[in-house]
Each structure stands twice: as C-alpha cells, then as structure tokens.
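Asker: To start, I am sharing the structure in question, which I have written as structure tokens.
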Amino acid sequence: MKFTSLLASAAMALGLATGALAQDKTKVGFVYVGPVGDGGWTYEHNKGRLAVEEQFGDKVETVFVESVPEGPDAERVMTQMALEGADLIFTTSFGYMDPTINVAKKFPNVKFEHATGYKTADNVSVYSARFYEGRAVQGHIAGKMTESNIIGYIGSYPIPEVIRGINSAYIHAKKVNPDVEFKIVWAYTWFDPAKEADAATVLIEQGADVILQHTDSTAPQAAAQEAGNVVTFGQASDMSEYAPFPRVSSIIDNWAPYYIARTQAVMDGSWETVSTWDGIREGMVEIGEISDAVPADVKEEALAMKAAMAAGDYHPFTGPLKKQDGSDWLAEGETADDGTLAGMNFYVEGLEGEIPQ
Amino acid sequence: MDLGEINPILLVASLMVAATPLLLAAIGELVVEKAGVLNLGVEGMMIVGAISGFAISVETGSPWLGFIAAAVGGAVLSLLFVLLTQVALANQVASGLALTLFGLGFSALMGQSYVGVKPPSMGDIHIPVISDIPVIGPILFQHDPILYVGIALTAAVWATLKYTRIGLILRAVGENHDAAHALGYKVIKIRIMAILFGGACAGLGGAYISLIRVPQWTEGMTAGVGWIALALVVFASWKPWRALLGAYLFGGITVLQLNLQAAGVAIPVEYLAMSPYIITILVLVILSADKSSAPAALGRTFHASH
C-alpha cells in the first residue's frame, strides 16, 4: 500500500461523511496492480479512467488504488471501495479474479468488471483485449529483424493470456524465419523493474537480439537500449520514449471507449453481464507507430497484416497448426475458437521448454 | 537445454550488479540496528534515494553528483524517522512503516517529470592490464565504481564495529542504552548518527537501481528490495560479511535462475523462482547456528529520565 492509497482511504472516509451530498454522482472505482506511472499496463488503465472523468465531468467521480497485490489484500481494497459507495468497480489484473467474485457476492448492487479473467456473475462482467493480434504483428517484425535468430520473451505468469501471446508471436516469427528460436523467461511478477531488467539482460547475454515482454514496466526497454543492438516492442502502452530504437513498434491497450460505455450503462441502468473480448477491429488493441528502424518492406507487410485482422480476413491462429507434442490442433484453413484461446495452456509446435503448471 | 549458453563470466559479473543495491541497504540497516534502532523505512529511503539520485544526475549530467544526492536524500528522509523516534519518542515500528509509505508516495510525486528520461551513464572502471586479465578481469575489475563502494563499505563497517572505539560505543548503545548513558555516552546523538548513516546507505542502494541496474525511473521501482535487506540483516546475524554473502547469494541465485530458464533447463520454473529466497535463508540460518543474537536494546525507546 502506498501513500496514494492512504489518500484514497482518507478520501473514502470523507466520502462516507458527505455521502448524502454526492448521491447523484456515479462513483467508479479502479483497482490497479502497479503504479499509475509504470509506463505500461496500469498507465493505460489510468488513461481510461481519466477519459471517463473527461467524458462525464461532474456526473461522475472516480477513485483508484494503485499497487494492490493480487490476493487477499485486493479483496480488502474492493470491499472498502464498495462500502464507500462505488457503483462500478474495474479490477484490472488477472489475479483479481477470485477476489472480485468474492466481493461481488457481498455487494449485489455494485457492478464489477474484471479485466482478462473468465469468471462472471450477475454483477460481474469480464473484458479483455485480443493482445495476440498485436503479438502476430510483433512476431512478424521480430522474425524479419533478428540476426542471431534468437528472440527473448519475458513472460509474467504462465496464464492463458501470456501463453497466447507467446504462441502468436512464435507462429508469425517462424513463418517468415524458419530458423528462429524463442527463449522464454518467467519473471513471476507483473511489475518489478529491476527483475525485468535482469531478465532482459540475461536474454541478451544468451544471444537474443529481439526482446518481447509481457511485463508492465519499461525496464526491459532501458536494458536493451543499454545493450545497443537489440530490438524491443512497447507493451500495453506505446512506450514511445524509447522510439525509434530499441522500441520499433508497440501494442497499445485502449480501454477508454470501453470504460466510458460501461459507465454510461450504469448511469442508464442498462448494465448487464457481458464477456467482452475486442481486438484490432474494435480498436481495443492498437499497433503503435512502426519506426523507421524497421525496413520499409517489413513495415508494409506488418501493416497489411494489421489491416487484414482489422477487416476480419485474417486470424492469427489459422491452421495448419500442431501442438508442441506434435498432435494436430487446427486443420488447414481452420481458425481457433475463442473457448480454446481463452483457456490456452499449451505451446504450439516448435517452441521449446515446458509451461510451468 | 544447453548449459553452454550460459556464460559464467557474464553470470558472475551480473550477479554482483544484482546484489549491490541489497548490500548497500543491508549494511546501512545493520549499523542502525547495531545501535539499537529498528528502522523499517528502508524501502522508503531507497526509493527516495532512487529518485533524488536520478533527478540530480539528469539535471547535472553527473552520475557522481547523483549518488551524492541520493545519499543526502535518503539521510534527509531518515531525519523524519529521527524526529519521530528519537525526539518525539514514537514507536519505531510504526514510524518506520510510515516512512516507507511516505517515501513511496513522495518519490512518485518527485519523479513525475522523469518518467522515460535516460540518465547519464556512469561507465565502468577500466584499469589497464588488470581489467584485461582473462576471466578475473571481467569478473572483478570491470564494474562501475559504486559496486566497489559497496564492498569497501562492508569492510569499513566490519572493521569499525570490531576494532575501533566508535564501534564499541555504538554496540554498547545497542546492547544496553541505560548502561551506555550511565557511562556518559550520548545515546540519542549516537543513534541519530547511525540512523542518518543508514538512510544514506539506503539512498545509495536505491540510486544504484535507478542509475545503473535498470537504468531509468519508474514509480515503485525498488519493488521490495528494502524489505529483503531488512530480512537479510536478521539472517546475517548482524554481521557485515555475512550480509555481503547473503546479498551475493540472493543476487546470484536470482540471476542464475533467470539464466537457467533462458537456457531451458528442465527444472520446474516455480522452484527456480523461489530458490533465491530459500537458499539464502537456509545458508544464513545454518551459519547463524552459533550464539549470535540481536542487539539487546533493539527497537526499545531510550528516554534519559534519570
């Protein structure tokens, strides 16, 4: 817990005292896994929160608590928000899934929205973005740009969301560069700049000249910049402060339209449980500008792939694809269904190593 | 799986880098605790040091000035702890926790305009001939200067505590402050100096993360190193060399497990991820089987009423 969360608690106490005055305002709470200044995941969620404030002005009040550990402490923070009168609470990390469900049971009148999970209830919706579409573009650029043919991948936790990204990036890197090899390191954290930098350094020392990350801070970008000739991609946010090199492109999560729509739904009383999973087409996943460090033809191919996904003509998981153990997964031309993708717990053929279980 | 992909020279070199922030913070806290004060604000002082050092080195372009600013920043924050616990005689545990919370929030505020800025590089020391010796050169003689400061500080603290009069007085204050007071030593003054020293060391450790190990500023970037340093002091039985051993073990296994993962070794990743904690604790617990115990007056408030 941090100073800001103390402030938030103080604000909540104040909110209780003046609750009667604030009846007509819709109160929206956000629970963040990292600090709003992480430059990545939480930073983008907070941008969504600010967009809600801007859209509704006086009609809405937002509160947030940052750096909330995934686990029991999250339940305490959510309970506190609900008690203090929040009408809608966004819980923005996978590890908040069970805490969200538990707290939602106790507050049937409060609406909850859990990011990247799969458990819903009468007052719990889930929402996520098809990050794997962005990973396909990254994989393509990575496969074209690597010279050592070793691509390093910093994973956070071995959960379907992360595994999907690894598979998608690998499939598309392999497609343009059959010799490519992925080295995967699990950091077991979403946010720890020192550890993320260590992981990037280790991968670079072992020969990787492209680093993909699925952790939230910009530390791997800094490590790559320090090393010199290493390509990176912005994760969750544009991370454009490291452009044009090492950061050559990025996946940007654009949560603002969703947050505004859901807040509106609570105001109208039209809120219902939904499972939203939007991608490039809906604008929830954006591809950050591909910098000039990428050869023009590669950039063109990448943009063409993005356009095909936006038009719905191309699915990153299109057969023929096999699983790591050699068994068939998708036949020629077949695309993966959302159910399989949502629970993905296997590597595709060609990736080495085991997924920690 | 290919262990040959792990370069042992680079591995040892990077484990020393990974261990240094922890070592600096732990050595500072060790002195504080030897004086009988428990300051749980290490994390807060580290992060304030990290941003102070980062901001000053970006503004002046000099990493050295940055590190000095970091030490000053950490010490200034610890002054708050001094005020609370030595002057107002507040509870040390609560004050230390408050210091951490305050430091994390305050550093986030100070660092708002430094997100995404690249700090000036300190560069590594390169001594002709010695640094070029194969194997030993890259491991021992091609680091940034602060890493050596960490080791030198460990030696200095050890020698001071063991052989000098100042060290003896400091330990006396930590073991029995009433007796030390009766002998005419200024208990509060000595403790204040120790706390300031601890703050400066923690600040240096924080700046090492933001200026050398990562190098960038991100909110909350110390991510718990201060707490590990606190635990390390206890497991090292308040002995400087053991703190160094513990820090290197922890840093080493952290880096090694990442290396093993990247090389695809078939040990389940969960075990690798928990190994730094377990092995460090195991080794230090075995070492502390002798009769070393905490300073007797640790955490107790001193009030010269008689």
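Asker: For the stretch B:274-306, name all the residues that are surrounded by 14 or more Cβ atoms within 10 Å (Cβ to Cβ) and either under 30 Å from B:Leu258 (Cα atoms) or modelled with pLDDT under 80 (or both).
Answerer: B:Ser275, B:Pro276, B:Tyr277, B:Ile279, B:Thr280, B:Ile281, B:Val283, B:Leu284, B:Leu287, B:Ser288
Asker: May I ask you to say which residue of A:Ala342, A:Ala336, A:Ala302, A:Ala311 is hydrophobic (A, V, I, L, M, F, W, C) and either loosely packed, with under 14 Cβ neighbours inside 10 Å or within 14 Å of chain B (Cβ to nearest Cβ) (or both)? So that I can check it myself, show each step before the final result.
Answerer: Working: A:Ala342 fails: either loosely packed, with under 14 Cβ neighbours inside 10 Å or within 14 Å of chain B (Cβ to nearest Cβ) (or both); A:Ala336 fails: either loosely packed, with under 14 Cβ neighbours inside 10 Å or within 14 Å of chain B (Cβ to nearest Cβ) (or both); A:Ala302 fails: either loosely packed, with under 14 Cβ neighbours inside 10 Å or within 14 Å of chain B (Cβ to nearest Cβ) (or both).
Answer to the selection: A:Ala311.
Asker: Of all residues in the stretch A:196-214 being within 11 Å of chain B (Cβ to nearest Cβ) and among the aliphatic types (A, V, I, L, M), which is nearest to B:Leu211 (Cα to Cα)? Spell out the reasoning first.
Answerer: Here is the first cut: in the stretch A:196-214, the ones within 11 Å of chain B (Cβ to nearest Cβ) are A:196-208.
Going one step further and asking which of them are among the aliphatic types (A, V, I, L, M), we end up with A:197, A:199-200, A:202-204, A:208.
On the way: A:Ala197: 12, A:Ala199: 17, A:Ala200: 17, A:Val202: 19, A:Leu203: 21, A:Ile204: 20, A:Ala208: 24 Å.
Looking at the filtered set, the residue picked out is A:Ala197.
Asker: Within the stretch B:116-168, restricting attention to residues that are without any contact (Cβ under 8 Å) to a residue 12 or more places away in the chain and hydroxyl-bearing (Ser, Thr, Tyr), which residue is nearest to B:Leu30 (Cα to Cα)?
Answerer: B:Thr160
Asker: Could you please find all residues in the stretch A:158-185 being within 14 Å of another protein chain (Cβ to nearest Cβ) and either touching an Asp or Glu at 6+ places or on another chain (Cβ under 9 Å) or aliphatic (A, V, I, L, M) (or both)?
Answerer: As a first pass, look at the stretch A:158-185 and keep what is within 14 Å of another protein chain (Cβ to nearest Cβ): A:158-159, A:162-163, A:166, A:181-185.
Within the stretch A:158-185, A:Ile159, A:Val162, A:Ile163, A:Ile166, A:Glu181, A:Phe182, A:Lys183, A:Ile184, A:Val185 meet the criteria.
Asker: Would you be able to tell me the number of residues in the stretch A:215-243 that are more than 14 Å from chain B (Cβ to nearest Cβ) and in contact with a Ser or Thr (Cβ under 7 Å, 6 or more places away or on another chain)?
Answerer: 1
Asker: Residue under question is B:Leu256, and the condition is that it be at pLDDT 85 or above, assigned to a helix (DSSP H, G or I) and under 16 Å from the mean Cα position of the chain (by Cα); does it hold?
Answerer: Working: at pLDDT 85 or above: yes; assigned to a helix (DSSP H, G or I): yes; under 16 Å from the mean Cα position of the chain (by Cα): no.
No.
Asker: In addition: Look through B:His177, B:His181 and report the one residue that is in contact with a helix residue (DSSP H, G or I) (Cβ under 8 Å, 6 or more places away or on another chain), crowded, with 22+ Cβ neighbours inside 10 Å and touching a residue at least 40 places away in the same chain (Cβ under 8 Å). Before the answer, list the steps.
Answerer: On the way: B:His181 fails: crowded, with 22+ Cβ neighbours inside 10 Å.
Within the list B:His177, B:His181, the selection yields B:His177.
Residue-wise test of (1) under 23 Å from the mean Cα position of the chain (by Cα); (2) without any contact (Cβ under 8 Å) to a residue 60 or more places away in the chain.
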| position | (1), (2) |
| --- | --- |
| A:Ala236 | yes, no |
| A:Tyr242 | yes, yes |
| A:Met284 | yes, no |
| A:Ile287 | yes, no |
| A:Asp313 | no, yes |
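Asker: Among the residues of the stretch A:188-221, write down those that are part of a helix (DSSP H, G or I) and more than 29 Å from B:Tyr271 (Cβ to Cβ). Please lay out each step first, then the result.
Answerer: Of the stretch A:188-221, the ones part of a helix (DSSP H, G or I) are A:193-205, A:219-221.
Scanning the stretch A:188-221 gives a single hit, A:Gln221.
Asker: Here's a follow-up. It is to be established whether one or more residues within the stretch A:246-268 are assigned to a loop (DSSP other than H, G, I, E, B), closer than 19 Å to A:Glu196 by Cβ, within 13 Å of chain B (Cβ to nearest Cβ) and not small (Gly, Ala, Ser). Spell out how you get there, then give the answer.
Answerer: In the first step, residues of the stretch A:246-268 are kept if they are assigned to a loop (DSSP other than H, G, I, E, B); the result is A:246, A:254-255.
Remaining after also requiring closer than 19 Å to A:Glu196 by Cβ: A:246.
Checking which are within 13 Å of chain B (Cβ to nearest Cβ) leaves us with A:246.
If we keep only those that are not small (Gly, Ala, Ser) too, we end up with A:246.
There is at least one residue in the stretch A:246-268 that is assigned to a loop (DSSP other than H, G, I, E, B), closer than 19 Å to A:Glu196 by Cβ, within 13 Å of chain B (Cβ to nearest Cβ) and not small (Gly, Ala, Ser).
Asker: Could you tell me which of the residues B:Gly105, B:Gly61, B:Gly36 is small (Gly, Ala, Ser) and on the phi < 0 side of the Ramachandran plot?
Answerer: On the way: B:Gly61 fails: on the phi < 0 side of the Ramachandran plot; B:Gly36 fails: on the phi < 0 side of the Ramachandran plot.
Only one candidate qualifies: B:Gly105.
Asker: Only one residue in B:Val48, B:Val37 is more than 14 Å from chain A (Cβ to nearest Cβ) and either part of a helix (DSSP H, G or I) or aliphatic (A, V, I, L, M) (or both), so which one is that?
Answerer: On the way: B:Val48 fails: more than 14 Å from chain A (Cβ to nearest Cβ).
Exactly one of B:Val48, B:Val37 is more than 14 Å from chain A (Cβ to nearest Cβ) and either part of a helix (DSSP H, G or I) or aliphatic (A, V, I, L, M) (or both), namely B:Val37.
Asker: Would you check if B:Val225 is at the interface with chain A (Cβ under 9 Å from one of its Cβ atoms) and either under 21 Å from the mean Cα position of the chain (by Cα) or of a type in the set (S, T, N, Q) (or both)? Even if it seems obvious, please write down each step before you answer.
Answerer: Values: at the interface with chain A (Cβ under 9 Å from one of its Cβ atoms): yes; either under 21 Å from the mean Cα position of the chain (by Cα) or of a type in the set (S, T, N, Q) (or both): yes.
Answer is yes for this residue.
Asker: Which residue pairs have Cβ atoms closer than 6 Å, lie 6 or more positions apart in sequence or on different chains, and pair a first residue in the stretch B:235-258 that is closer than 18 Å to B:Gly224 by Cβ and in contact (Cβ under 8 Å) with a residue 60 or more places away in the chain with a second residue that is outside any helix (DSSP H, G or I) and of a type in the set (Gly, Ala, Ser)?
Answerer: Close Cβ pairs (under 6 Å, with a partner that is outside any helix (DSSP H, G or I) and of a type in the set (Gly, Ala, Ser)) amount to B:Ala243/B:Ala236; B:Gly246/B:Ala236.
Asker: Filter the stretch B:238-270 down to residues that are among the hydrophobic types (A, V, I, L, M, F, W, C) and more than 14 Å from chain A (Cβ to nearest Cβ) and give me whichever is surrounded by the most Cβ atoms within 10 Å (Cβ to Cβ).
Answerer: Keep residues of the stretch B:238-270 that are among the hydrophobic types (A, V, I, L, M, F, W, C), which gives B:238, B:241, B:243-245, B:247, B:249-250, B:253, B:255-256, B:258, B:260, B:262-263, B:265-267, B:269.
Still in the list and also more than 14 Å from chain A (Cβ to nearest Cβ): B:238, B:241, B:243-245, B:249.
Details: B:Trp238: 23, B:Trp241: 12, B:Ala243: 27, B:Leu244: 24, B:Leu245: 20, B:Leu249: 20.
Step by step, filter the stretch B:238-270, then rank; the result is B:Ala243.
Asker: Would you mind finding the one in B:Leu204, B:Leu230 that is more than 9 Å from every other protein chain (Cβ to nearest Cβ) and either buried (at least 24 other Cβ atoms within 10 Å of the Cβ) or in contact with a His (Cβ under 6 Å, 6 or more places away or on another chain) (or both)?
Answerer: Working: B:Leu230 fails: either buried (at least 24 other Cβ atoms within 10 Å of the Cβ) or in contact with a His (Cβ under 6 Å, 6 or more places away or on another chain) (or both).
After applying the criteria, what remains is B:Leu204.
Asker: Let me ask something else about it. Can you spot a residue in the stretch A:128-139 that is more than 26 Å from A:Asn254 (Cβ to Cβ) and surrounded by 24 or more Cβ atoms within 10 Å (Cβ to Cβ)? Working first, answer last.
Answerer: Keep residues of the stretch A:128-139 that are more than 26 Å from A:Asn254 (Cβ to Cβ), which gives none.
The answer is no, given that none of the residues of the stretch A:128-139 is more than 26 Å from A:Asn254 (Cβ to Cβ) and surrounded by 24 or more Cβ atoms within 10 Å (Cβ to Cβ).
Asker: Does B:Val32 meet the test of being in contact with a Leu (Cβ under 7 Å, 6 or more places away or on another chain), among the β-branched types (Val, Ile, Thr) and within 23 Å of B:Val157 (Cα to Cα)?
Answerer: On the way: in contact with a Leu (Cβ under 7 Å, 6 or more places away or on another chain): no; among the β-branched types (Val, Ile, Thr): yes; within 23 Å of B:Val157 (Cα to Cα): yes.
Against the criterion (in contact with a Leu (Cβ under 7 Å, 6 or more places away or on another chain), among the β-branched types (Val, Ile, Thr) and within 23 Å of B:Val157 (Cα to Cα)), B:Val32 does not qualify.
The values are calculated or read from the model by the stated rules, or taken from the named source; none is laboratory data. Just so it is clear, the structure is predicted and the values come from calculations on it, not from any experiment. Note: ideal-geometry Cβ built from the backbone for every residue, glycine included; neighbour counts use all protein chains shown.
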